[in-house]
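The values are calculated or read from the model by the stated rules, or taken from the named source; none is laboratory data. Quick caveat, the model's predicted, so the values are computed rather than measured. Positions of Cβ are generated from backbone atoms using ideal geometry, with glycine treated the same way; all protein chains shown enter the neighbour counts.
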Amino acid sequence: MSYLKFLARTAIVILFSFFSRLFFDIQVSGLENDPGTPHTYLAISHKRDLDAIVSIPPIFFHRGLRALAGGIQFALRADTFEKGYLARLLPRPRWLSRLLYPISVGPILRWLGAHPIEQLSLRSAVEWVRYLLHLEGDVRASEVFTPVFLHEVAAEAHVPYQQLAGLHLSRLLTWRYYTALLPFYSPDILLEPARRRVERYLVQHIKQELNDLGTLLWTGNSLLTAPEGRLSPVGTLSPITSGLHRLLRLGPADLTILPISLMYDFMTTERPAIFIDIAPPILRPSSLPGHELDSRLQDAWRCSAHFTCTQLGSGFLVEANRAHATFTLDEAVDAITRQALQLVEAGRRVDPRLLQPHTARGRVQAFLLYAEQRGLIRPVAPLTWEPVMGDTFIKVRPGETGYAEAPLAYAWNELQDLLSYPSGLPSPQG
């Protein structure tokens, strides 16, 4: 790697570290579990677009010069490399999103050691338009998209259906239709025979991308990516994609998987906290049956992750709602602290601020103030509330996440997912 590229990667890691710690309280544990060897698949659980940004600095600084010089490469979602990704990442304020829309960071990402990885089954409508434009030419939208899909887009863009259906594909890539084309869709929105051609092209493209990543691992590099392949839509871990197993067959026999769990303490009026937990490595994963490897990786994420006030507080509120009970701040602090101590006794990791009433009080109060601001609880007396939330069901479109619209339900699902390993852990009420 050139000296210029080394300096650029180092500068970016320092910037990531600075801005991450400026806006978040970053807590890292388990770095001693990273042996720092090459041929390592650094597998992060996928909760936010920020996952890679906040986890890169501690891992790079731990691994030192080799990582900064290119020893760790990245596999990122393919749309990260396309025009408009920055606008998706920063949708507000609207004027800034529009300014960012024409910018593509793909060439810079590739130069810095990032590699695109495609998904066959699900992608934003913008990506389907780009692939169709590449393979079919600048045909009209009605020639390649189903009427049902075009009706949805027309309604979202507030234009007549006939006007949209008659547009050439290149016109759909203007800012006018950007927001309407952000949702994720399966290939079902494509008409035959264009669908077959696009799917055939993507299969070949994905095979080549995996071959390139396999070659990268053989040359002594490590790879950081999210084997779930998508953000968690409702808070629970998503299935591991087949791409991990295909890559294991292409990579060296001594490849090691290093599970890295990320947990966000986001339901708070204080500075949000992010816990980055590194579990012991999974050695020689290619020798394991696929289902066993998936289970071991997900269990490693669950077992190493920190319980935060967001997760334990969500459990407390759900139980209070089911009991139709009012509660005081002291009662909430006592219940959350008690469960936190029980979890530690069971060998689990918990935000240490929740283990003592005097430090837990501030975190719980900030959690309850957030819940009150979001209309999840309402005050009935000084420092006394009653729950007013509905059920804990989250309905999101494919490819989208529910933590912004339904934070309590999302956190409750995270809690249940964490408690699913191992069995016999304390219930939300302790």
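Here THR40 passes the criteria (1) surrounded by 18 or more Cβ atoms within 10 Å (Cβ to Cβ); (2) under 20 Å from the mean Cα position of the chain (by Cα); (3) not aromatic (Phe, Trp, Tyr) except the one numbered (2).
Quick grid of which residues meet (1) under 30 Å from HIS245 (Cα atoms); (2) among the polar types (S, T, N, Q):
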| position | (1), (2) |
| --- | --- |
| GLU292 | yes, no |
| SER314 | no, yes |
| PHE327 | no, no |
| GLU331 | no, no |
| ALA340 | no, no |
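Counting only residues that are in contact with a helix residue (DSSP H, G or I) (Cβ under 6 Å, 6 or more places away or on another chain) and surrounded by fewer than 17 Cβ atoms within 10 Å (Cβ to Cβ), the stretch 125-138 holds 3 of them. Exactly one residue among GLU199, GLU156, GLU152, GLU192 is loosely packed, with under 13 Cβ neighbours inside 10 Å and either in contact with a helix residue (DSSP H, G or I) (Cβ under 9 Å, 6 or more places away or on another chain) or part of a loop (DSSP other than H, G, I, E, B) (or both), and that residue is GLU192.
Filtering ASP265, ASP254, ASP277 for residues that are surrounded by 24 or more Cβ atoms within 10 Å (Cβ to Cβ) and either modelled with pLDDT under 95 or among the charged types (D, E, K, R) (or both) leaves a single hit, ASP265. Can you say whether SER55 is modelled with pLDDT of 90 or more, out of contact with any Asp or Glu (no Cβ under 7 Å at 6 or more places or on another chain), within 11 Å of ILE278 (Cα to Cα) and of a type outside the set (Val, Ile, Thr), as far as the supplied structure shows? Answer is yes for this residue.
Scanning the stretch 1-37 for residues that are of a type in the set (Phe, Trp, Tyr) and under 19 Å from PHE74 (Cβ atoms) yields PHE6, PHE16, PHE19. Among the residues here, GLN311 qualifies as surrounded by 14 or more Cβ atoms within 10 Å (Cβ to Cβ) and on the phi < 0 side of the Ramachandran plot.
Residues of the stretch 1-37 that are closer than 24 Å to LEU213 by Cα, surrounded by fewer than 15 Cβ atoms within 10 Å (Cβ to Cβ) and in contact with a Lys or Arg (Cβ under 9 Å, 6 or more places away or on another chain): MET1 alone. Residues in the stretch 83-107 that are assigned to a helix (DSSP H, G or I), under 22 Å from the mean Cα position of the chain (by Cα) and closer than 28 Å to GLY220 by Cβ: GLY106 only.
Is it the case that the stretch 43-50 has a residue that's touching a residue at least 24 places away in the same chain (Cβ under 8 Å), crowded, with 18+ Cβ neighbours inside 10 Å, in contact with a Phe, Trp or Tyr (Cβ under 7 Å, 6 or more places away or on another chain) and in the same structural domain as SER238 (by TED's automatic domain parsing)? Yes, because at least one residue in the stretch 43-50 is touching a residue at least 24 places away in the same chain (Cβ under 8 Å), crowded, with 18+ Cβ neighbours inside 10 Å, in contact with a Phe, Trp or Tyr (Cβ under 7 Å, 6 or more places away or on another chain) and in the same structural domain as SER238 (by TED's automatic domain parsing). Residues in the stretch 354-376 that are under 20 Å from ASP391 (Cβ atoms) and not in a helix (DSSP H, G or I): ARG374, GLY375, LEU376. When each of ASN321, ASN413 is tested for being over 30 Å from LEU182 (Cα atoms), part of a helix (DSSP H, G or I) and either touching a strand residue (DSSP E or B) at 6+ places or on another chain (Cβ under 8 Å) or of a type outside the set (Val, Ile, Thr) (or both), the lone residue that passes is ASN321.
Tell me whether the stretch 131-150 contains one or more residues that are under 23 Å from PRO233 (Cβ atoms) and at pLDDT 95 or above. Scanning the stretch 131-150 turns up at least one residue that is under 23 Å from PRO233 (Cβ atoms) and at pLDDT 95 or above. Kindly evaluate ARG171 against the criterion of being of a type outside the set (S, T, N, Q), free of Cβ contacts under 8 Å to residues at least 24 places away in the same chain and assigned by TED's automatic domain parsing to the domain that holds THR10. Judged against the criteria, ARG171 is not a match. Quick check: is even one residue across the stretch 125-147 in contact with an Asp or Glu (Cβ under 8 Å, 6 or more places away or on another chain) and under 30 Å from SER2 (Cα atoms)? No, there is no match, as no residue in the stretch 125-147 is in contact with an Asp or Glu (Cβ under 8 Å, 6 or more places away or on another chain) and under 30 Å from SER2 (Cα atoms). May I ask you to verify whether GLU372 is more than 25 Å from THR236 (Cβ to Cβ), in contact with a Pro (Cβ under 8 Å, 6 or more places away or on another chain) and surrounded by fewer than 19 Cβ atoms within 10 Å (Cβ to Cβ)? Spelling it out, GLU372 is indeed more than 25 Å from THR236 (Cβ to Cβ), in contact with a Pro (Cβ under 8 Å, 6 or more places away or on another chain) and surrounded by fewer than 19 Cβ atoms within 10 Å (Cβ to Cβ).
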